[in-house]
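All remarks here apply to the structure that follows.
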Amino acid sequence: MGCFGSKAKLSKEDVEFLKAHTRYDEATIKEWYKGFQQDCPNGKLTPAKFVDMYKMFFPSGNAEEFCDHVFRTFDTDKNGYIDFKEFLLAIDVTSAGSPREKLKWAFRMYDVDGNGVIDLGEMIKIVQAIYDMLGNNAANKPVDSADQRAKIIFNKMDENNDGHLTEEEFLNGCMQDEELSKILAPGP
C-alpha cells in the first residue's frame, strides 16, 4: 500500500491493482477516487475525518470508539491514515464481500492486539463500542448489557473452552448464527 499524496489522477498501475483486487470496474474506481479526493484532497483519510464520516450514519450514538477499531483495521500499513487503495479495498469487503469475507474482516477488527486470537476482553471492548455507536434510542438496541452480550457470544463460540477465539471458531460461530453475524459484522 502506498500513499497517493495529492495526485489528481490515479496511475494506470493503481487502477489495474484495484480492478484485480476489488469487484469494481475502471469507471467505478475513478468515480470513487473523485469522491475520495473531494473529501481528502491530500489523499489521506485521517482518524478525525473518518469519525466525522461515520457520525453521518449514526448521528444519535458515539461512533468514536467503534471508528478507532474500524480505522485500525482499514489502515493495513499502519501509517496512521487511510489512502485510497486501503479505502477502496475496505469498502469492497464491507459492502460487496461475501459473508465469510466480511466476517474475516470483522475478526481482524475484534483482534485488537493483533495476536491472531480474540479474548473476552477484546470481545467486550468491541461489543461496547457497537452499543455506544448505536446510541440509547436506537430501535434495534439490545436489552442486555454489552458485557453480558459479549460473554454470551464468546462462550457460544469458544468451542474448546480455552478462553480464546481462533479465526475458525469465530467464523464457525457466526456462520451458524445469523443474529450473531449481524451483531458482529455490522456494515456502514
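Once C-alpha pairs closer than 8 Å and six or more residues apart are averaged by separation and normalised to the residue number of the chain, the relative contact order reads 22 percent.
Looking at the chain, the accessible area is 52 square angstrom per residue; that uses a 1.4 Å probe and ignores ligands, DNA and RNA. The listed residues 102, 151, 156, once ranked by accessible area (1.4 Å probe) with the largest placed first, stand as 156, 151, 102.
Taking the C-alpha atoms only, the angle from helix 146-157 to the longest principal axis of the chain is near 90 degrees. Could you please state how large a percent of the accessible area of region 19-122 is carbon and sulfur, counting protein chains only and using a 1.4 Å probe? Percent of accessible area from carbon and sulfur atoms in region 19-122: 56. How much FRET efficiency would the formula 1/(1 + (r/R0)^6) give for residue 19 and residue 164, where r is the Cβ-Cβ distance and R0 is 35 Å, rounded to 0.05? The value I calculate is 0.40. Relative to the longest principal axis of the Cα atoms of the chain, helix 26-39 runs at roughly 80 degrees. Each Lys or Arg adds one and each Asp or Glu takes one away; over the other residues whose Cβ falls under 10 Å from the Cβ of residue 173, this sums to -4.
Taken over the chain, the convex hull of the Cα atoms encloses 117 Å³ per residue. The accessible area of residue 105, taken with all protein chains in place and a 1.4 Å probe, comes to roughly 20 Å².
Against the criterion of solvent-accessible heavy-atom surface with a 1.4 angstrom probe, 69, 21 sort, most first, into 21, 69. Accessible surface ranking for 65, 31, 1.4 angstrom probe, highest first: 31, 65. Heavy-atom accessible surface of residue 53, to the nearest 10 Å², is about 50 Å², with a 1.4 Å probe and all protein chains retained. For the chain, a Gaussian network of Cα nodes joined below 10 Å ranks 15, 112, 93 by mean-square fluctuation, and the top entry is 15. One quarter of the convex hull surface built on the alpha carbon atoms of region 13-96 amounts to 5.6 nm², the projected area averaged over directions.
The values are calculated or read from the model by the stated rules, or taken from the named source; none is laboratory data. All values derive from a computational prediction rather than experimental measurement. Note that we place each Cβ from the backbone using ideal geometry, even for glycine, and neighbour counts take in every protein chain shown. We work out accessible area using only protein heavy atoms, side chains counted, and drop any ligands, DNA or RNA first. Shrake-Rupley method; radii C 1.70, N 1.55, O 1.52, S 1.80 Å.
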